Structure formats: structure tokens, C-alpha cells
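Data first, discussion second: the structure below is written as C-alpha cells.
The values are calculated or read from the model by the stated rules, or taken from the named source; none is laboratory data. None of the values given here were measured: they were computed from a predicted structure. Reconstructed Cβ throughout: ideal geometry from the backbone, glycine too, with neighbour counts over all protein chains shown.
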Amino acid sequence: MRIAFSVLFFILIALLIPCAFIAKRSRKPIGASVALFLSAIIPPILGNLIIVASGNEIFSSVGCYFYFLGMDLSMYGLLVFTFDYCVIKRPNNGLNRMVNLLLIIDAIQVMLNPFIGHVFDTEMIMLNGYPYYRIRPYLGLTFHRIVDYGIFFACFFIFVYKARKSPRYYKERYIVIIVSLAVTCASLTYFIFSRTPIDRSMVCLGVFGILVYHFSIHYRPLRLLDRMLADLASDIPDALFLFDMYQKCIWANSAALRLVKVENEEYDKCFDALIDLFGPPNDDREDWMTRRIVGHGDDARYYTLEWHTLKDEAGRSAGVYMSVRDNTAEQQTYQQEFYNATHDSLTGIFTREYLYEMIHKTLMENPDETYYVVFVDVKNFKIVNDIFGTGFGDYALKCIAKWISTDICEDCVYGRLAGDTFGICLPKKYFDEQMLDMQLQDFIVVNGAMEHHILIHLGVYEVIDRNIEVSVMFDRAHLALSHIKDEYQKHITYYDDEMRKKVVWDQNISAQLHEAITLRQLRPYLQPIADSSGKIVGCEALVRWIHPENGFMPPGAFIPVFEKNGMIVEVDRYMWRCACEILSSWKEKGIDLFISVNISPKDFYFMDVNSEIRKLVRKFDVDPKKLRIEITESVMMDDLDNRMDILRQFRREGFIVEMDDFGSGFSSLNMLKDMPVDVLKIDMNFLGKSTDDQRSNTIVQNIINLTRDLEIESLTEGVETEIQYKALAKMGCRLFQGYYFAKPMPVDEFMKFCSLE
């Protein structure tokens, strides 16, 4: 027995070494993992060869170490091979490191056995007259077996799982491995519990390694492949037709026979049936390698035909085969998905992105046609939803979409841009403004008992340059809507060059603001403020732009732009600084005048107004009373309580607060009782709107009396004549501002005007 197993172990090792070498040199991706596994099982077999052949205690112990450490290495190689063979992604780094760590710990504790003696020792027994040294296990060996068995069973169950989940044609490659693993495990378990000195499982392990090599590197299941090909050809859902070199059908699968409605394997009828179904091919049959549609509308079916030539070894045609695939379900799914992606889910018309694409295509395909791009805007649609509910609102949008698709033009392209806005592109010759205006004047949506007049505006842009983005075209059409003043009377407006010039102007001056402030092209102009005796007691700082190209620019040319885009904040901050610089220089010269600075409503949204102004006052050492804070009534329209607190804080810190444009709003009198202001500026333009001078004078007199009773100083702005000045002074007004005294002027001219130089 000793000699027989020694020879057997030696033969296995001699076989495994070249197998591992060949696997390593193999070009197959799995070759590396096969070589690793074959190399890993050599040490445990070698260890058992030493144990069986030596009959010596020391050599037997050395063989045991080869055996145990080799089993750790074998389990690592088996795990790597399992993942590659089963085509499974290896576990994440954490799990992988944990397995490797267990194997390393086990190997270390085995190598410490000579010093601790916690894994095993050997005892001699006699078998068939020969001494053998078998293993006497301890706790360390139990840990070793748990680790190796755990990895072994993990690999085993992976193979079982893959065999269950794989198609029947692939089960063979897993079943052989599973059986080999089961036999090896059974023999190893028998060895452990029988306590025989010879581990017969090493024979199973070696044979398993050779099987792994064979199935991974060389094995090709030809019979299985033949059966697979036959089954595939018969069961494939595509229709397959095989023709000889004379165009005679010699075979067709069941799907093909059903397609051409041929029964009883009458293959010779298939070619004519294909021509009846798809039409005759040309000489080279290229037009059969296309998609064909059979039927119309909802009954249409879609097929893909492919024709392939079979050649012999000499490259001569031996026949052909044709495949026909029914793509009807795929095509219908694609068409549905395409429809969903390109059509608005609520209204059923084009989405914005697809509308842009279709408009661009239409414009490029019709270069000689003049087109309008129309922006359709539903006014106050949020109110419709709030009053009638979103259900009615959705119904209204559907009605608008239906009106666009049926009443405007048959040749137009249209879609929903977003929310309550729509877009249309149509030939200019079909745009009937009169008809559309009549329809829009009485556009009423009725849904059950609910009825509402929907206000719709059309902004129209004539396409001149077809190379600009379609989105820009709609932006211009949308911009045209801003010029509708009476929105209930005028429904259609057109974009023109003046609008474009204004957009360009707004963009240009906005881009130049930072440089204008840096280079001090923005300058403070001072308009004098006089008392009742005509003495100049202060001024208001007003911004003017001395542009290097456009020259003197009045505030109306740029202030509305900056108020709209929020850049007015930078202008105001700059003017506050200029006013503080002027007051600082006046302080050094002993000039006792105040300057009023304006605070815009948007200043409160973008910065801490009180903090900004206090910093400037401290920096330039200015008396807060000399820098008057001027606000308009509109400042108080939002967040009233917070704005009141800010104004009170200004007054506590010594600033004088003025309310500008009193009388131009609707709630001034209501707020005046609580408003923390020191000066009320009365707008003379308010009085100029009246045709009854006596009534106007009565209103002004009472406003002045009201301010006096409230201990608020009155200042009338817009005073243009001496008569106005004297009349207001007689009424009790104390401060005056207007062209009667002087227009706004540069600082140096103001100094000369006031004789301050």
C-alpha cells in the first residue's frame, strides 16, 4: 500500500506540473486561474507523498506542514478558479480581504505549531507491517478545517447555483465539477473521521485538478454543440429558410413555415410564398436585407429580412439562407416610446425640445418660404387654477392645444413650451391676424357648469435668419408681448428691430456697468433744495452716466434696465459712497449742507442697507444728519414690518428719513400714521394731473397741514415756476426742489451755483 500510494501521488504530481504550465501559457482568459489552482494542489499531494513514503516521524511532520499549508493555498486557488469559471464578479474588497486574512491567519497559526503545539502532533501506528505516522488533531487543526471547509463549501454552492440557473445546454460543464467536488469532499471527510494514516482524498483532489484542466482548456462538447445548433435553428423565433445554389428551399424552421403559411414541410413552396409576401428580390437580393412593412395602420407588421451566402472551402457559393425577424412588437414599443418622448403628456402636442427640432427641420427644408414663430401666452393662468382648480386648468390647456391644432393652420408646427405657454411655427401667408384676433376676443372654456374667458396673447417673430437658435426666436416672440399695454383689447403683437435694439442696448450697458463705476463714468449730479426764503440748504444726489461713446446719458436710459435686472444695487452703493466723499470734503471746508440719497426697493433684498450706509458714514467721518435717506412709497409695499424697523434704526442713529413721491401711490395716507419718516416729499406732478386748480390747492394745503401736525417736514419737488414756489411757501411748505431753482448739475457747477468756492 505504501508503494502503491507513493507511486500514485508521484504520478499525479507529474501530471499536474505540465498541466499547470500549459494552462499558464494558454491564451484563454481562464488559463491563469487554472494554472494557479493546479499549482496550489501540488503541495498537499506532495505532503501526503512524504508522509506515506518516509515512515519517519520528522519527515512525516514536515509532510503534514506541506499538507496543511498546501490546503490553504488550494482553497485560495479554488476560490479564484470558481469565480472565473462561473463568470461571476469577484466580491468587494472588504469580503475579499476578509477571506484572504482568514487564510493568512490559519497559515501563521499552523507554522507556529512547532513552538506552541496547538495544531497537531503525530503518533506512530503499524499498518500491514509498516510504521505510519498519523495526525493527532488539536484545537488549531479544528480552526484550520473550519476555514478550508468554509471556502470549499462556498465554491461548491456557487457551482450548484450556476448549474441551476444555467440553460440545460450549459449544465454539463458545471455538473462534472460538482460531482468531482462532492467526491473529493466525501473522501476528505472519511479520512478525517476514519483516522487512517493515508489521505485518499488527495487522489480525488489530483483527479479533480486534471478534470478542471481538461474542461477549462481543452474540452469542447461537440455533441452538445450539434444538438444546440439543431435546437436553436428549430426553436429560434426568427423565420429561417435554407436554399440551395438553385434557389430551391431545402429546409425551413417552424416559424418560417408559419410565416409563409406552408404546411407539411412542403419547402419547395416557400420561395414563391416569400415573393407573394415581400415582393420579388433583385438579382443580388440586396433589397431583401431591409425592413419591410406588411399591411397598413394598426394592422401593419414590421419585418427585418437578411440574406446570407454559404460558401465552401474553395470560396464557391454552396447555397444561401435567409432570416426573417418579426419586429412588430419592438417597432410598436419604439413608436410608443418615441411618441411619449416627443409629445406632451397632457395636451398630446409636441414637447418643447421636439418642437424646436421640428421647427429647425421645417425651416431648413423650406428655404424659400417665409415663416412666423408665434409665442402663445395664457395670461393669469395661475388665477384660473386657484379659482376653478387644476382639473379645469388642465382642461383649459387641452382646449387651447386643440384650438392651435385645428383652427390656426394645417401646415404649422406647434407644441407646448412650458406650463401655460405654447409655440407655433407657420408660413407667414397663412397667418390671419384678423381671424385670430376675433377668436381670442371671445375664447371661452366651458367644462360642465364652469365657464371662464381665457385671456391669450400672441407674440409674433418673423424668421429672418434661419441659423439662429429656435429658442432665441421664441425669446424674441416672447419679448414682443411686453409691448402690449391694454392686454384686454390687444391680443397680437410683433417683434421688430426696435425691440432687438433695446435688448442689445440693455445687455451692453449692463456689461459695462462695472467698468463705468471703476472709471467713475457714473457721476453724482446734485439738484439744489431750497428753504422758504430761497436759500440752498441741501441737495439730492442723482446719478448720470458720462459714456465714452454715447456721451451724456440721462438716468432714463439705464436706470430702468438696472432696476429690472437687479444691478441697481451696485449703482446705489456707488452713489452712497460718492455722497459721503462729497460730504467729507464739505466738512473740511466748513460747508453746512445735506445730501439726500435714494434707496431702491431691491437694495433691501440684496444687502443690509443700514449696515452698508453706516460703514460709509464711519469711513468718511460724516455726520448722519447730513446724509439723508430717501425712500419711495413702493419700498414699503413688501415686508412692511421689517422695513419699518430698518427706518426706525436709521432715525435712532441720527439719519433723517425722507419719503419720496408722496401722493403717487395708494396707501401713503394709511401708512403715514406709523411711518418713521422726518420729511415728506410732495410730488407736483400729482397735482398737474388735475383740471381743477382750486381742488388741487386744497389737497396740497391739507397735506402740508397734515405734515405740520405730525411734526414732519414737507418738501415739494417738481417746482418749476415762481408762482408755484410762492403759493407753496404761503401754504407753509418749508423745502423746495425743482427746475425753478436749478436742474441737477455736476458737483463743481453746484459749488459755483451755491457760491461755495
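Got at least one residue in segment 558-567 being free of Cβ contacts under 8 Å to residues at least 60 places away in the same chain, of a type in the set (F, W, Y), assigned by TED's automatic domain parsing to the domain that holds L647 and crowded, with 19+ Cβ neighbours inside 10 Å? Yes, that holds for at least one residue. For segment 396-414, the set of residues classified as touching a helix residue (DSSP H, G or I) at 6+ places or on another chain (Cβ under 9 Å) and not in a loop (DSSP other than H, G, I, E, B) consists of A396, L397, W403, D407, I408, V413, Y414, listed by residue number. V99 passes every criterion in (1) modelled with pLDDT of 90 or more; (2) in contact with a helix residue (DSSP H, G or I) (Cβ under 9 Å, 6 or more places away or on another chain) apart from (1).
For segment 122-136, which positions are without any contact (Cβ under 8 Å) to a residue 24 or more places away in the chain and within 16 Å of I192 (Cβ to Cβ)? Let's see the steps before the verdict.
If we filter segment 122-136 for residues that are without any contact (Cβ under 8 Å) to a residue 24 or more places away in the chain, which is where we start, we get 123, 126, 129, 136.
Those that are without any contact (Cβ under 8 Å) to a residue 24 or more places away in the chain and within 16 Å of I192 (Cβ to Cβ): E123, R136.
As a summary of the residue check, D623 satisfies the conditions (1) in contact with a helix residue (DSSP H, G or I) (Cβ under 7 Å, 6 or more places away or on another chain); (2) over 17 Å from I568 (Cα atoms); (3) at pLDDT 90 or above except for the one numbered (1).
Here's the yes/no breakdown for (1) outside the structural domain of H491 (by TED's automatic domain parsing); (2) touching a Leu at 6+ places or on another chain (Cβ under 6 Å); (3) surrounded by fewer than 19 Cβ atoms within 10 Å (Cβ to Cβ); (4) among the aliphatic types (A, V, I, L, M):
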position	(1), (2), (3), (4)
K398	no, no, yes, no
Y414	no, no, no, no
F431	no, no, no, no
D442	no, no, yes, no
H452	no, no, yes, no
G459	no, yes, no, no
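Annotation: G348 fulfils all but one of (1) outside the structural domain of S482 (by TED's automatic domain parsing); (2) surrounded by fewer than 16 Cβ atoms within 10 Å (Cβ to Cβ); (3) small (G, A, S); the unmet one is (1). Here V87 meets the list (1) on the phi < 0 side of the Ramachandran plot; (2) within 46 Å of the chain's Cα centre (by Cα) almost entirely, failing just condition (1). Scanning segment 598-615 for residues that are crowded, with 16+ Cβ neighbours inside 10 Å and among the small types (G, A, S) returns a single hit, S600. With respect to being under 26 Å from L542 (Cα atoms) and out of contact with any His (no Cβ under 8 Å at 6 or more places or on another chain), A511 fits the description. Which members of segment 489-546 meet the condition of being charged (D, E, K, R) and in a helix (DSSP H, G or I)? The answer is D497, E498, R500, K501, K502, D506, E515.
Condition check: in the same structural domain as Y161 (by TED's automatic domain parsing) and either surrounded by 15 or more Cβ atoms within 10 Å (Cβ to Cβ) or part of a helix (DSSP H, G or I) (or both). Does P29 satisfy that? Criteria not met by P29. A single entry from L583, L593, L627 fulfils the requirement of being more than 21 Å from V677 (Cα to Cα), more than 42 Å from the chain's Cα centre (by Cα) and buried (at least 18 other Cβ atoms within 10 Å of the Cβ): L583. With the condition kept exactly as written, say whether any residue in segment 415-431 is touching a Cys at 6+ places or on another chain (Cβ under 9 Å) and assigned to a loop (DSSP other than H, G, I, E, B). Yes, some residue in segment 415-431 is touching a Cys at 6+ places or on another chain (Cβ under 9 Å) and assigned to a loop (DSSP other than H, G, I, E, B). Scanning segment 115-141 for residues that are surrounded by fewer than 13 Cβ atoms within 10 Å (Cβ to Cβ), modelled with pLDDT under 90 and closer than 18 Å to M71 by Cβ gives a single hit, R136.
A Cβ distance below 7 Å, combined with a sequence gap of six or more or placement on separate chains, defines the contacts here; from segment 76-98, residues that are closer than 15 Å to F156 by Cβ and in the same structural domain as Y213 (by TED's automatic domain parsing) reach residues that are modelled with pLDDT of 80 or more and not in a helix (DSSP H, G or I) in the pairs Y85/I30. Once segment 466-498 is narrowed to residues that are over 18 Å from H360 (Cβ atoms) and surrounded by fewer than 11 Cβ atoms within 10 Å (Cβ to Cβ), the residue that is modelled with the lowest pLDDT is D486.
Of all residues in segment 32-75, those satisfying the criterion of being small (G, A, S), under 17 Å from I135 (Cα atoms) and assigned to a helix (DSSP H, G or I) are G47, A53, S54, S60, S61, G63, G70. The numbered conditions (1) at pLDDT 90 or above; (2) crowded, with 16+ Cβ neighbours inside 10 Å are all true for V384 except (1). Just one of the listed residues (S74, S54) is more than 25 Å from V212 (Cα to Cα) and out of contact with any Lys or Arg (no Cβ under 6 Å at 6 or more places or on another chain), namely S54. Give just the number: which of (1) buried (at least 22 other Cβ atoms within 10 Å of the Cβ); (2) modelled with pLDDT of 85 or more; (3) farther than 30 Å from K165 by Cβ; (4) among the small types (G, A, S) does S60 not satisfy? Checking S60 against (1) buried (at least 22 other Cβ atoms within 10 Å of the Cβ); (2) modelled with pLDDT of 85 or more; (3) farther than 30 Å from K165 by Cβ; (4) among the small types (G, A, S), the one that fails is (2). Figure legend. Inter-residue proximity from segment 403-415: first residues touching a residue at least 40 places away in the same chain (Cβ under 8 Å), second residues among the basic types (K, R), beta-carbon distance below 9 Å, spacing 6+ or different chains. Indicated pairs: V413/K361; G415/R352. Just one residue in the set V504, V470 is farther than 30 Å from F741 by Cα and in contact (Cβ under 8 Å) with a residue 12 or more places away in the chain; that residue is V470.
Which residue out of L426, L417 is closer than 22 Å to R476 by Cα and more than 29 Å from the chain's Cα centre (by Cα)? Step by step, each of L426, L417 is checked, and only L426 is closer than 22 Å to R476 by Cα and more than 29 Å from the chain's Cα centre (by Cα). Within segment 239-262, the set of residues being in a loop (DSSP other than H, G, I, E, B) and either outside the structural domain of R316 (by TED's automatic domain parsing) or out of contact with any helix residue (DSSP H, G or I) (no Cβ under 9 Å at 6 or more places or on another chain) (or both) comprises D244, M245, Y246. Screening the candidates R200, R223, R164 for the property of being of a type outside the set (S, T, Y), surrounded by fewer than 12 Cβ atoms within 10 Å (Cβ to Cβ) and at pLDDT 70 or above yields one hit, R164.
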